[in-house]
Amino acid sequence: MSNLETAANPEKLRRVAIDPVSRVEGHGKVTLLLDDDNRVHQVRLHIVEFRGFEKFIQGRPYWEVPVMVQRLCGICPVSHHIAASKAMDMILGAEHLTPAAEKNRRLMHYGQIMQSHALHFFHLCSPDLLFGFSSEVARRNIVGVAAEYPDIARQGVLLRKYGQEVIRMTAGKRIHGTGAVPGGVNKALSREERDTLLADVYQMIAWSRDAVHLVKRLFEQNLEGYNAFGRFRAHQLSLVRADGAMDLYHGGLRARSMDGELLFDHFDYRHYWDKIFEDVKSWSYMKFPFLRSLGPEAGWYRVGPLTRVVNCDFIPTPFADKERRDFLAFDEGRAAGATLGFHWARMIEMLHAVECIKDLLQDEDIMGTELMVSGERAGRGVGVIEAPRGTLIHHYRVDENDLVTRANLIVSTTHNNQAMNEAVRQVAIQYLDGHEVTEGLLNHIEVAIRAFDPCLSCATHALGKMPLEVELVDAGGSRISALSRNADGEVAACA
Amino acid sequence: MSKTFTLDGKDVPFRDGQTIIEAALEAGHYIPHLCHHPDFKAHGSCKLCTVKVNGRQTASCTMQAAEGQVVESETEELNSERRALTQMLFVEGNHFCPSCEKSGDCQLQATAYHLNMMTAHYDHFFPNRPLDASHPDFLLDFNRCILCSLCVRASRDVDGKNVFALAGRGIKSHLIVNARSGKLADTDFSAADKAASVCPVGVILPKRRGFAVPIGERTFDKQPIDAYVDTRIARKEE
Ligand code: SF4
Ligand code: FES
């Protein structure tokens, strides 16, 4: 596929640009370079959203960073809050947090996973739309499946709300909370808070299981549709626990090749740069991380729910583990390799998060009073977690006056940069080749991007309403036609 | 019989020598203020405490109380002027409340809430004011200074040290540290100083302690600023 990225004679290609929202606001666009026969020749997903991250933080006191970094992303601020806190634990020499501190942080993190996954699946990609994208016939089946689960919309709202409540109780606020601090947390759950959450947790588990089963039924109804859609092979990277279990809060790095072979395992993330390097390309502001051992061309990889579910050896909560095994076995393992498998994996993770929440709520440590530790001061801190969208790396240097001198953040969407390009490439080859550009074809690209649930502003609009601009430019560089869609889903030809 | 004036129609008793704001706060009536502090001589610079006395505007922190004065404070006219002054303070510095460790304990923020300030309204100046982190225990984040001079007064009048000073004029006014290097580390400032705990906003901060108090338990989470008529409580100095 790499020959598509840089065409030999780009000046002779026609260009189709899909430009979500406007470039002024710093969002991305997709460029499809077509040759004279309308064949996809070159594909680029442009993202300008993560510029200047690190500058913000430089010169700030380290204890402010976990709160400050939440401003960097309106989509999963809690993940940045926790990753930065883990990095600052290292600065403080807080190697082992107290049980109360670690458990309250985990609780906050699982609350974030829950609310983020519920938002994506139920609100942004309502299931009938998500799986009804290819044909009217398929869509009718999907509507039928959705009818079997008449309460899903309401349950989606309540699942998300529960996750938000977990965040509010652990962080103090639903957004821009302060719960995690270097060396621990500033509050533990009170008994009333614990009891309030515990009262509903079994209901949340039941609904999360239903959500997994709903996705499974959607796959069954549309075997060919999901299976071929945007399929590509990728290396995988995620954290796993020392025993190989899924662990979204802490662990060692495990990378697996696209053939399933382990490239490295339980690698100490405090030295992540020994394994991961970030490439820069002239046409994108976003970096392209790759596995050093495989080099910049072949070393790109995929992170996120699908990777995590496949990459771990088991899930340490019973319902989610059962669903994982079903998922891996489904259609002779094909669902686990499909781009739309992301949605199934996401619901399995939501179930896992709720099961973890239940276990934490039943643990007296969650109301503990020992909240802070510190140790020998260090100049460098690295914090890594598995955020809703994938591996999130925060890396800081702090000087002797307590100010941050250097920061490097690799967010999930950056890890997935090349993988998203691949998915779009595949969809473009499948659906755009030899066709005129139509709204339907561009919708497919949107579905491919969305599978990754990227933390891009354009992706916060509901499915079918991601603002897009489509431009067809001929070999000489002049635009021959253009189509745009606004956030209300209205499509219009551009002047 | 003690002497009284009226504040928004209510009788307020006072002793000779008291300013209007001192008498009002003592009687449990809040008048918005930032540079006033009961322990220090009036500075009269922020103008938030402006009231109308017998129909004429004046700063209640510098105006002596007098028998029979008719004082108006809680009027839409005065509050909208206070709101505008507060908005100007916000745009002159860099006040990012969501990531400021003084959030919830900050008088500027609490005053803005009290005055129903919804936006900054004016264009932000985005000044470039580097931090002074030289001192081992204290940090100075000049981005948030509102030039109230409380630290100047505290250091000079209570601590006897003169660590801080206001320099420059008008829009160029700024806070400086009295040391040849200009650095806090090169002064005799210490954590026990009055000046270390007097800043109403988030400039003079103890290091490594930010965000230790959870949301819900901070000063102004418990009650709004107008309920703290004794500002010493607001600043947790006791
Ligand atoms: S540092 Fe604080 S106390 Fe000193 S002048 Fe500035 S705002 Fe006032
Ligand atoms: S409080 Fe009176 S002028 Fe500031």
- By a straight-distance test (C-alpha under 22 Å), which lysines pair with residue B:52 as possible cross-link partners, with residues fewer than eight away in the same chain excluded? B:3, B:10, B:41
- On the protein heavy atoms, probe 1.4 angstrom, tell me the percent of accessible surface of the stretch A:54-415 carried by carbon and sulfur. 51
- Message: For the stretch B:128-207, what are Rg and Dmax over the alpha carbons, in angstrom?
- Response: 11.3, 32
- Query: With the Cα gyration tensor of the stretch A:249-387 giving a ≥ b ≥ c as the square roots of its eigenvalues, does the rule (a/c under 1.5 for rounded; else a/b larger than b/c for prolate; else oblate) give rounded, prolate or oblate?
  - Reply: oblate
- For the table A:55/A:281; A:55/B:183; A:216/A:275; A:187/A:358, the rows whose alpha-carbon distance is greater than 26 Å are A:216/A:275
- Message: From the gyration tensor of the Cα coordinates in the stretch A:306-425, what semi-axes in whole Å does the equivalent ellipsoid have, largest first, with each one equal to sqrt(5λ)?
- Response: 33, 24, 9
- Query: Given a Förster radius of 60 Å and the C-beta distance between residue B:76 and residue B:191 as r, what FRET efficiency does 1/(1 + (r/R0)^6) yield to the nearest 0.05?
  - Reply: 0.90
- What does the accessible area of residue A:249 come to, in Å² to the nearest 10, when a probe of 1.4 Å is used? 10
- Item | Loss of accessible area when B meets A, both sides summed, Å² nearest 100, probe 1.4 Å | 1700
- Query: Classify the stretch A:54-415: rounded, prolate or oblate, from the alpha-carbon gyration tensor (a ≥ b ≥ c, eigenvalue square roots; a/c under 1.5 rounded; otherwise prolate if a/b is larger than b/c)?
  - Reply: oblate
- Message: Taking the full set of protein chains and a 1.4 angstrom probe, give the accessible area of residue A:122 in square angstrom, rounded to the nearest 10.
- Response: 30
- Message: Checking buried surface per residue: for the stretch B:188-218, which residues lose a minimum of 30 Å² accessible area in the protein assembly relative to the chain alone (1.4 Å probe)?
- Response: B:207, B:208, B:211, B:214, B:215
- Message: Please list A:63, A:300 from largest to smallest accessible area, probe radius 1.4 Å, with all protein chains kept in place.
- Response: A:300, A:63
- Message: So, R0 is 51 Å and r is the distance between the beta-carbons of residue A:376 and residue B:123; what FRET efficiency does that work out to, to 0.05?
- Response: 0.65
- Message: Give the average, rounded to an integer, of partner chain Cβ atoms located within 10 angstrom of each Cβ in B:97-105.
- Response: 4
- Query: Using the eigenvalues of the Cα gyration tensor, what equivalent ellipsoid semi-axes result for chain B when each is taken as the square root of five times the eigenvalue, whole Å, largest first?
  - Reply: 30, 20, 17
- Message: Using only the Cα atoms of the stretch B:3-75, what are the Rg and Dmax in Å?
- Response: 10.7, 29
- Query: Accessible area per residue of the stretch B:128-207 at 1.4 Å probe, in Å²?
  - Reply: 43
- Item | Estimated FRET transfer efficiency (residue B:47, residue A:401; beta-carbon r; R0 35 Å; 0.05) | 0.45
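The values are calculated or read from the model by the stated rules, or taken from the named source; none is laboratory data. Just so you know, these numbers come straight off a predicted model, no measurement behind them. Cβ sites come from the backbone with ideal geometry, for glycine too, and all protein chains shown count toward neighbours. Side chains are part of the model used for accessible areas, which takes the heavy atoms of the whole protein and leaves out ligands, DNA and RNA. Shrake-Rupley method; radii C 1.70, N 1.55, O 1.52, S 1.80 Å.
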